[in-house]
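One structure is given below, encoded as structure tokens.
All of the numbers you see were taken from the coordinates with simple rules; none came from a lab. In this text, all values refer to a predicted model and were calculated from it rather than measured experimentally. Note: ideal-geometry Cβ built from the backbone for every residue, glycine included; neighbour counts use all protein chains shown.
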Amino acid sequence: MANLTFGIIKPDAVRAGHTGSIIQRILDTGFKIRGLKLIHMTRQQGEGFYAVHRERPFFAGLVEFMSSGPCVVMALEKESAVKSWRDLMGATDPAKADEGTLRKEFGGSVGENAVHGSDSDENAAIEVSYFFSRLELV
Ligand code: IDP
Ligand code: MG
């Protein structure tokens, strides 16, 4: 799974109509899309996904936001996929993200920052299997 990562186009970016542009950037960067679907996660699914952050002060707001509308979940393949996808996303806070990154271009705030990406190969595997069944991955 070292060449696979998990990404989300978050509800803010979907709502703003940036889904197509973000997917184009993903393809232009050389990722192969192995799984892709539009979902509207429930509060409970959001809580489960972000369980590692449940003690953080922003947890309730984060779950509220992530379940506020449709988002696009993706399994992305590329060499060094985790790092490559995080490089394309940019820093968590769009104000601190480098020029040319997705969060710089599409993120509105540290909470509503357009995209999610796994932080390790181990978490990528966990996150891909949280949202995709084996049959949904090509
Ligand atoms: P990451 O998404 O860059 O990996 P994490 O620290 O794992 O950043 O945080 C997960 C998500 O929680 C962020 O993408 C963002 O949506 C939200 N978040 C992180 N820190 C803050 C904060 O200080 N205030 C509000 N939301 C935050
Ligand atoms: Mg993270």
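For this structure, a couple of remarks:
- Environment charge at L102 (Cβ cut-off 11 Å; Lys +1, Arg +1, Asp -1, Glu -1): +2
- Sites excluded, GluC sites (Glu not before Pro) in DSSP loops with at most 12 other C-beta within 10 Å, longest stretch of the chain: 1-54
- Projecting label points 7 angstrom from Cα along Cα→Cβ for H40 and R15 puts them 1.3 nm apart.
- Between A91 and V138, residue separation times 0.36 nm minus the direct Cα-Cα distance comes to 14.0 nm.
- Rounded to the nearest 500, the helix-only mean residue ellipticity at 222 nm of the chain stands at -10500 deg cm²/dmol, with each DSSP H run of n ≥ 4 adding -39,500 (n - 2.57).
- In a fully extended conformation the segment linking I126 and S80 would gain 14.9 nm over its present Cα-Cα distance, using 0.36 nm per residue.
- The chain - percent relative contact order, Cα under 8 Å, separation 6 or more: 38
- If a spin label sat at a point 7 angstrom from the Cα of N3 along the line to its beta carbon, the backbone N atoms of region 56-92 nearer than 20 Å would be those of 74-88.
- Dipole axis of the chain (+1 Lys, Arg; -1 Asp, Glu on Cβ), positive-most option in F106, P94, P57: F106
- Cα shape, the chain, gyration tensor, a/c 1.5 rule: rounded
- Magnitude of the charge dipole for region 15-138, about its Cα centre and with charges confined to Cβ atoms of Lys, Arg (+1) and Asp, Glu (-1), is about 260 debye.
- Cα centroid of region 5-23 to Cα centroid of region 80-138, whole Å: 10
- Here's the picture: charge each Lys and Arg Cβ at +1 and each Asp and Glu Cβ at -1 in the chain, and of V128, V82, M41 the one pushed furthest to the positive end of that dipole is M41.
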